[in-house]
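Enquirer: This is the structure I want to talk about, given as C-alpha cells.
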Amino acid sequence: MNPSSPVTSERPLRLLPAIFWGGFIAGTLDISDALVITCLVRGRPALRLFQYIAQGLIGPGAFDGGMGTAALGLGLHYFIAYGAAVFFVLVSCKVPALFRRPFLWGPVYGLGFYFFMNYVVLPLSQTPPFKVGWPILVNGLAIHALGIGLPIALCARWWSKPAKIAG
C-alpha cells in the first residue's frame, strides 16, 4: 500500500467503468430532462433541441443541417457529460472525500458544473444569450445537482469498492 496515495491498492478507483457509467447515466438523465422541457412543456420538436446544442459549436447554421447537425448535437451533449465524469473521477482520485460522500459532493459538483456551463462555456460558444425564467432555472439547477453530479459521484463511489475476485 502506498500511504501517499489517497486511493490505495486495497480500494482502487476503477476509472474506466466509473467514467463510462457516470457519463452515460448523467448524459441520459440530462437529455431526458431537456427533451421533456423542449417537447412536452414548450411544444418544440426534439430535432430542434439537438440542433440547438450543435449551434454552440457551428452557429445558427445548425438549424439548417437536418439530422446531421442533430446527431452532432447529441454527440456533443454526451461529450460534455463524459467530460464532467472524467473531471470528477480524476479529482476524486486525489480527493477521496468526493466519492466517499457522494450525496453531498455529487450535488455540489453538479451545481458547480451548471454555473461553469452557463457562465463560462455558453458565453464562449456561438449560442446567443437568452433569458431564463424561474421555472427553467430551478429545473436546470435540480437536473445538474441530482441528474448529473449525483450519478457521477455515485458511480465513482461504486467503482471505488474493492474488486470482487472470482473463484
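Enquirer: Given Cβ point charges of +1 (Lys, Arg) and -1 (Asp, Glu) and nothing else, what value in debye, to the nearest 20, does the dipole of the stretch 15-158 about its Cα centre take?
Expert: 280 debye
Enquirer: Separate question: In the chain, which longest range has no trypsin sites (Lys or Arg not before Pro) that are both DSSP loop (not H, G, I, E or B) and surrounded by at most 12 other Cβ atoms within 10 Å?
Expert: Here the longest run is 43-130.
Enquirer: Enter the mean projected area of the convex hull around the alpha-carbon atoms of the stretch 15-158, in nm², rounded to one decimal.
Expert: Here the figure is 8.3 nm², rounded to one decimal.
Enquirer: Could you line up S92, S160 from fewest to most neighbouring Cβ atoms inside 10 Å?
Expert: Ordered from fewest to most neighbouring Cβ atoms within 10 Å, S92, S160 come out as S160, S92.
Enquirer: Which value in nm describes the separation of the simple spin-label points at V120 and L104, placed 7 Å from the Cα toward the beta carbon?
Expert: 2.3 nm
Enquirer: Show me the helices of the chain, taken as full DSSP H stretches, that run 30 Å or more along their long axis by Cα and average 0.0 or above in Kyte-Doolittle hydropathy. Working shown, then result.
Expert: Values: long enough: 66-94 (43 Å, 1.41).
Span-like helices, by this rule, are 66-94.
Enquirer: Which whole-number percent is the relative contact order of the chain (Cα, under 8 Å, 6+ apart)?
Expert: Averaging sequence separation for qualifying contacts and normalising by length gives 37 percent for the chain.
Enquirer: Here's a follow-up. Fewest first, what order do W134, W105, W159 take by the number of other Cβ atoms within 10 Å?
Expert: W134, W159, W105
Enquirer: If you don't mind, another one. Can you give the FRET efficiency to the nearest 0.05 for I58 and L35, using r as the Cβ-Cβ distance and R₀ = 30 Å?
Expert: 0.90
Enquirer: Which whole-number percentage describes the relative contact order of the stretch 43-141, with Cα contacts under 8 Å and a sequence gap of 6 or more?
Expert: Numbers: 67 pairs, mean separation 27.8, N = 99.
Once normalised by length, the contact order is 28 percent.
Any read-out appearing in this document is the output of simple, stated calculations on the displayed coordinates, not a laboratory observation. Please read these numbers as outputs of a predicted model, since none were measured by experiment. Virtual Cβ from ideal backbone geometry, glycine too; neighbours counted across all protein chains shown.
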